[in-house]
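The values are calculated or read from the model by the stated rules, or taken from the named source; none is laboratory data. Values in this document were obtained by computation on a predicted structure and should not be read as measured data. For neighbour counting, all protein chains shown are included, and Cβ atoms are generated from backbone atoms with ideal geometry for every residue, glycine included.
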Amino acid sequence: MNVKPDFSKNANKAATAPAFFSVWDMHAYYGESYIVQGVSFNVHEGEILALLGRNGAGKTSTLRALARVGSPMVTHGEIWLDHQPLHTMASHEAATAGLALVPEDRRIIQGLTVEENLKLAQIAPPIGWSIERVYDLFPRLGERRKQEGTTLSGGEQQMLAIARALCRDIKVLLLDEPYEGLAPVIVDEIEKTLITIKELGITTIIVEQNAVRALELADRSVILDTGGIVFDGTAAEVLQNDELRAEYLAI
Ligand SMILES: Nc1ncnc2c1ncn2[C@@H]1O[C@H](COP(=O)(O)OP(=O)(O)O)[C@@H](O)[C@H]1O
Ligand SMILES: [Mg+2]
């Protein structure tokens, strides 16, 4: 379907020339439930975008729709990554095009060691980082390379999930609540690795309940409410706007 998206009803009308990563008027359903209700935003290459909003606002659904996992089903809209039309692709094709989703439950594969989890990510091209390079960024994973992945601490499992994404040659990393359940000192460690990943030019979209931590890291922020966008601007603007934070982020 080649329908030109109508942005007139969207809060963020800025989408003109496609950015590095562009989402245009995306709508998605779980069966009959209409959840993602016309989402449009742009992310520039190497940027960190904090995708925020209350519980149930549609953040996870938006990430799943972007990753083309099939549920929710995207019924309308366009998703462009570096001139590639992800909206025409299945999940594995979107992964090959350079999009990686690290879901909230991290999906570490049971019965496999840390190293086997990483090697499994490298069985399909395009192959990204070598295992040794992963261990340079995450020394704890190197120390625990022979340990079963599911027996790692929560923070280490999050590192493994991010590391596994880097074992594919990715352009955009989607993180769903990476700080959930982690002590502040571990969040510090993960944040440092996300800064390194940004310095390497990878684009990140981070969904977080810990909105302040995500905003301190991010360049820009998009806030969702009931499946639509209510704010699109800089992370600093959100940190300075008490009303916005109280209304949509409860902070
Ligand atoms: N598998 C599903 N089937 C039907 N509705 C769902 C499903 N997953 C989530 N929802 C609904 O979609 C809405 C958005 O959920 P979600 O994207 O998980 O929000 P968030 O991640 O912002 O907390 C909620 O109303 C939720 O109940
Ligand atoms: Mg969620």
Legend entry - Subset of region 220-251 [of a type in the set (Gly, Ala, Ser) and not in a helix (DSSP H, G or I)]: Ser221, Gly227, Gly228, Gly233, Ala250
Legend entry - The one condition in (1) under 22 Å from Glu47 (Cβ atoms); (2) in contact with a strand residue (DSSP E or B) (Cβ under 9 Å, 6 or more places away or on another chain); (3) buried (at least 19 other Cβ atoms within 10 Å of the Cβ) that Lys198 fails to fulfil: (3)
Legend entry - From Ile251, Ile170, Ile205, residue being modelled with pLDDT under 95 and β-branched (Val, Ile, Thr): Ile251
Inset, instruction - Determine whether region 101-121 contains at least one residue that is within 21 Å of Leu200 (Cβ to Cβ), away from ligand 2 (no atom under 15 Å from the Cβ) and of a type in the set (Gly, Ala, Ser). - result: yes
Inset, instruction - Please work out if Gly31 is modelled with pLDDT of 95 or more and either among the aliphatic types (A, V, I, L, M) or more than 13 Å from ligand 2 (Cβ to nearest atom) (or both). - result: yes
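Each row is one residue, and each column tells you yes or no for (1) of a type in the set (A, V, I, L, M); (2) touching a Ser or Thr at 6+ places or on another chain (Cβ under 7 Å); (3) free of Cβ contacts under 8 Å to residues at least 40 places away in the same chain; (4) surrounded by fewer than 19 Cβ atoms within 10 Å (Cβ to Cβ).
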{"position": "Gln158", "(1), (2), (3), (4)": "no, no, no, no"}
{"position": "Cys167", "(1), (2), (3), (4)": "no, no, no, no"}
{"position": "Ala183", "(1), (2), (3), (4)": "yes, no, yes, yes"}
{"position": "Gly227", "(1), (2), (3), (4)": "no, no, no, no"}
{"position": "Gly233", "(1), (2), (3), (4)": "no, yes, yes, yes"}
Legend entry - Flag for Thr60 being β-branched (Val, Ile, Thr) and within 13 Å of ligand 1 (Cβ to nearest atom): yes
Inset, instruction - Just name the residue that is nearest to ligand 2 (Cβ to nearest atom) out of those in region 34-69 that are at positive phi and out of contact with any Leu (no Cβ under 9 Å at 6 or more places or on another chain). - result: Gly56
Legend entry - Residue in region 135-152 that is farthest from ligand 2 (Cβ to nearest atom), counting only those that are surrounded by 14 or more Cβ atoms within 10 Å (Cβ to Cβ) and in a loop (DSSP other than H, G, I, E, B): Arg145
Inset, instruction - Run Glu132 past the list (1) within 22 Å of Gly155 (Cα to Cα); (2) exposed (fewer than 15 other Cβ atoms within 10 Å of the Cβ); (3) in contact with a helix residue (DSSP H, G or I) (Cβ under 7 Å, 6 or more places away or on another chain); (4) not small (Gly, Ala, Ser) and report the number of the one that doesn't hold. - result: (3)
Legend entry - Members of region 174-208 found to be of a type outside the set (A, V, I, L, M, F, W, C), within 16 Å of ligand 2 (Cβ to nearest atom) and in a strand (DSSP E or B), listed by number: Asp176
